[in-house]
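Worksheet: one structure, shown below.
Bear in mind that the values in this text are calculations on the coordinates, not laboratory data. Owing to the predicted nature of the structure, the values given are computational and were not obtained by experimental measurement. Heads up, the Cβs are rebuilt from the backbone with ideal geometry, glycines too, and the neighbour counts pull from every protein chain shown.
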Amino acid sequence: MDRCIVLVDAGYLLGAAASLLAGEPSRSRITVDHTALVQGLRERAESDTRQPLLRIYWFDGAPDRVPQPEHRRLRVMPRVTVRLGALTRSDGRWAQKGVDAAMHAELTELARNRACSDIVLVTGDGDLLPGMMAAKEHGVAVHLWAVQAADGDYNQSEDLVAEADERRVLDRAWITGAVRAKELGGVCAPPPVPRPEIAAILSAPLPESALPGTAERPAEERPHPHPHPAAPAAARNGTEERVPPAKGVPTPKDLAALRAPGGHPAPHPPTATLRWSSDKGWVDRPAAEPPEALSMPTLAQLTTAEQRWADREEDITTVGGDPYEVGQVFARRWVERLGDQGHLQRLSGMYPRIPHRVDGELLRYAARFGLLAHKDDQIDEHDRYAIRAGFWREIDQRTATERTPAAE
């Protein structure tokens, strides 16, 4: 059959792109426009092979083989088929299982059935060498594509390179058409104005007076007053292993765990500053929410079954999953469905604190986009800042729109 097929090892493609653009092979360091990426792969494959595209197979790992948001977006795109292997954690690191075997099986089956005349492989794994050789024996031309290596050397198996019929390198200019590195602060969208940038807040010094018990501890045992904005990380197979930073200021959850005799909550340390991650930085959090916060409706209460279906469709097809963008999308839906716009003005007056019920729902929504660190039900601190900053940016824009007619 005179047509081409593309087999993509997503772990290799995106991990190598992250190394090239962000300096480390962690996929969390990049944002991907999957629509542009798929279109670029199709155009390049048809140009190189001079054959029309039959299909792109996207091979990736996922925890328990459950499709993640990017997989759900990809599998509804025309001419794209997603094949998932397992993503397991061993010795504190994530590793893909079954992806290479699935690619090998698909490669040999397509060649045996003469489903195409040309196969493009986007991978660097030498385990696919037997499959490549079998495909050639069935009369299929095999094109091997590499991502430009960050150090200028090969990032593919030399045996795989030697066996390929044709070889092409996807250079930095091509990669940046669909992939870009995230900013160090974790915010990929423009920060709100005039409020400070998220990166500046994360790097702001923490007063020693806010650290409970520091006065009684020797200086060499005190926590460092300047928490680093990015925790140390080790990467393997395009996934990131984050080391939790030492806690200097107790979170509300930390203080809630402190119990006085009899099981009653202990009083807050008089010098403690409760952490409320927002684009305003360190703020005091009152012990109880105001009555108007308790009456704030949640997005779920404002959403009909039809809207819920439409929301899921939008999440799959258009929402990229950037933390800042996620906060904006959630706020937009919440505001547009409010019957009583007085809630919007009352919420704006509560800045920077989001009512607990709404905030919890916001973070649960963000978890759908793979923003849970290591799937342990905790969202990375930098992502929490970005999610809430996006939320407040959208609220600012909406309240400004509400005020404009009155001013006229």
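What the table shows:
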read-out: Phi to ³J(HN,Hα) by Karplus 6.51 cos²θ - 1.76 cosθ + 1.60 over the stretch 65-82, Hz, x for Gly, Pro; value: 6, 8, x, 8, x, 5, 5, 5, 5, 5, 6, 9, 7, x, 6, 10, 10, 9
read-out: Among W94, Q156, H34 the positive-end extreme of the charge dipole of the stretch 4-181 (Cβ point charges); value: H34
read-out: Listed peptides 337-348, 318-329, 123-134 by packing density, highest first (mean Cβ within 10 Å); value: 318-329, 123-134, 337-348
read-out: Point-charge dipole on Cβ atoms (K/R +1, D/E -1) for the stretch 304-354, about Cα centre, debye to 20; value: 320
read-out: Packing-based exposure ordering (other Cβ within 10 Å, fewest first) of Y12, Y351, Y154; value: Y154, Y351, Y12
read-out: Packing-based order for 136-144, 304-312, using average beta carbon neighbours within 10 Å, highest first; value: 136-144, 304-312
read-out: Shape of the stretch 4-181, Cα gyration tensor, a/c cut at 1.5; value: rounded
